[in-house]
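Taking it in order: structure first as structure tokens, then the write-up.
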Amino acid sequence: MLIVMRNDASNEQIENIEKIIKDMGFTPHPMPGSQRTAICVLGNEKRVDSTPIEGQPGVIEIIHVSQPYKLVGREFRQNDSVVEIGPVKFGGGNDIAIIAGPCAVENREQIVSTAVFLAGNGTGMLRGGAFKPRTSPYAFQGLGKEGLELLAAAREASGLPFVTEVIDEMSLELCVEYADMLQIGARNMQNFSLLKMAGQTNKPVMLKRGMSATVKDLLMSAEYIMSEGNEKVVLCERGIRTFSDASRNTLDLCAIPFIKSQSHLPVIVDPSHAMGVWDMIIPIARAAVAAGADGLMVEVHPNPREARSDGPQSLTFDVYAKLVAEIKAIAAAMGKNIFELKK
Ligand code: PEP
Ligand code: MN
């Protein structure tokens, strides 16, 4: 349930409603807006009886939220949320932000040279895994803390903020110290304790869709983060498992307008993990932007053949420059811009 207060409602009237909600056994979540405050009722599983709130001073409207994702849903907030990371913005409709970088941080030269190249070439944010959730225990697991230090050095050299993946409590604590944004990957989309921990930080979170998760599952996972108090969530469609064997995963383009209809949160697309091979990533990236994505996340490596993780889907610098040029054209056709770091 959502209680919309009059625009001239006093603090006492808002506090009175919060108290009534607590007395009813639920948790009030006030959301001050530019015009008026709305108070969301959290903690109920069934429809809440609104009688104790009806007619209270300062209340203008009571809305029964029909979706289980309350904070994430459009019923709760009609306007698009904008998640800002330094100068980069995700959401709001006008800018396309591109995140790029290697799958994994491997060494200083690799990450610093990549970041410096990207910063001058249409990129808003750097990516790179320091903690890698790999299918095989024998595959490269990431450099851990050293990887975070190298990402910080790459940020210093390039001016690009960075996003990196958290896989458990230990990595989350370390990443909070170093990173500008936390990534929760497909394999951890329903790691509910990790979602709650990320929700208790003040770092923006990029939440990737699980490979066999529905869009509603994704929205409920975002709800875990928001219900802990962190509203800076960016959703990422990265392809799901289907019977199609044409690509590593099947990119669910339909998810983009569907999420936008259901939720105010920004949505970006990762064409790299969807396609799985570098030479077919550009058309998928174009399609994602044309379908309304607020941004992209693309894997780029200075020498993909030597990459320790996801080399086959990593773009060389030249191919990445081509991708950015084509995305600029698609964005322009839609009246949008690619965010570029000021030199
Ligand atoms: C990644 O971004 O490197 C990654 C592991 O992605 P996903 O969680 O989508 O597989
Ligand atoms: Mn990868």
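The values are calculated or read from the model by the stated rules, or taken from the named source; none is laboratory data. Note that the structure is predicted; figures quoted are calculated from it, not measured. For the accessible areas, the whole protein counts, side chains as well, though only heavy atoms, and no ligand, DNA or RNA atoms are used. Shrake-Rupley method; radii C 1.70, N 1.55, O 1.52, S 1.80 Å.
Write down, largest first, the equivalent ellipsoid semi-axes of segment 230-282 in whole Å, where each equals the square root of 5 times an eigenvalue of the alpha-carbon gyration tensor.
23, 12, 9
With the other protein chains left in place, how much accessible area per residue, in square angstrom, belongs to the chain at a 1.4 angstrom probe?
On a per-residue basis, 43 Å².
With just the Cα atoms defining each centre, how far is segment 74-141 from segment 187-213? Give it in Å.
Their Cα centres are 16 Å away from one another.
Report the far tail of the P(r) of segment 176-238, meaning the percent of Cα-Cα pairs longer than 16 Å.
For segment 176-238, the fraction of Cα-Cα distances above 16 Å is 33 percent.
What full-extension length gain, to one decimal in nm, is calculated for ASN303 and THR135 as 0.36 nm per residue of separation minus the Cα-Cα distance?
Separation in residues times 0.36 nm, less the Cα-Cα distance, equals 58.2 nm.
What list of ³J(HN,Hα) values in whole Hz, one per residue of segment 294-308 in order, does the Karplus curve 6.51 cos²θ - 1.76 cosθ + 1.60 (θ = phi - 60°) give from phi, with Gly and Pro shown as x?
Result, rounded to whole Hz: 8, x, 9, 10, 10, 8, 9, 9, x, 8, x, 5, 9, 4, 8.
Could you identify which residue out of LEU207, LEU71, LEU194 has the top mean-square fluctuation in a GNM of the chain using Cα springs shorter than 10 Å?
Largest GNM mean-square fluctuation: LEU194.
One quarter of the convex hull surface, Cα atoms only: what value does that give for segment 2-63 in nm²?
Across all orientations, segment 2-63 yields a mean hull projection of 3.7 nm².
Please pull out the direction-averaged projected area of segment 107-195, using the convex hull of its alpha-carbon atoms, in nm² to one decimal place.
So the Cα hull casts an average projection of 5.9 nm².
Under a 5 Å amide H to amide H cut-off, with H placed in plane at 1.01 Å, what residues pair with ARG6 once short-range neighbours are removed?
Those lying under 5 Å, H to H, from ARG6 are VAL59, ILE60.
Over the chain, what is the percentage of antiparallel beta bridges among all DSSP beta bridges, to the nearest 5?
Approximately 40 percent, going by the DSSP bridge assignments.
Which of ILE14, ILE111, ILE167 ends up with the largest GNM mean-square fluctuation for the chain, with Cα atoms connected below 10 Å?
Its mean-square fluctuation being the largest, the pick is ILE14.
Using a 1.4 Å probe on the protein chains only, how many percent of the accessible area of the chain belongs to carbon and sulfur?
Carbon and sulfur together cover 49 percent of it.
Please identify, among ILE20, ILE39, ILE240, the residue showing maximal mean-square fluctuation in a Gaussian network model of the chain using a 10 angstrom Cα cutoff.
The residue with the greatest mean-square fluctuation here is ILE20.
If you take the square roots of the eigenvalues of the alpha-carbon gyration tensor of segment 1-140 and sort them as a ≥ b ≥ c, do you get rounded (a/c under 1.5), prolate (a/b over b/c) or oblate?
prolate
Which residues' amide hydrogens lie under 5 Å from the amide hydrogen of GLY129, considering only partners 5 or more residues apart or on another chain, with H built in the peptide plane?
For GLY129, whose amide H was placed from the backbone, the distant partners under 5 Å are ALA104, VAL105.
For q values of 0.09, 0.13 Å⁻¹, compute log₁₀ I(q)/I(0) with the Debye formula on a Cα-only model of the chain, without solvent.
Once normalised to I(0) and log-transformed, intensities are -0.49, -0.95.
Given the pairs LYS208/LYS232; LYS89/LYS336; LYS46/LYS70; LYS208/LYS260; LYS70/LYS260; LYS232/LYS342, which are separated by over 18 angstrom at their Cα positions?
From the list (LYS208/LYS232; LYS89/LYS336; LYS46/LYS70; LYS208/LYS260; LYS70/LYS260; LYS232/LYS342), the Cα-Cα distance tops 18 Å for LYS232/LYS342.
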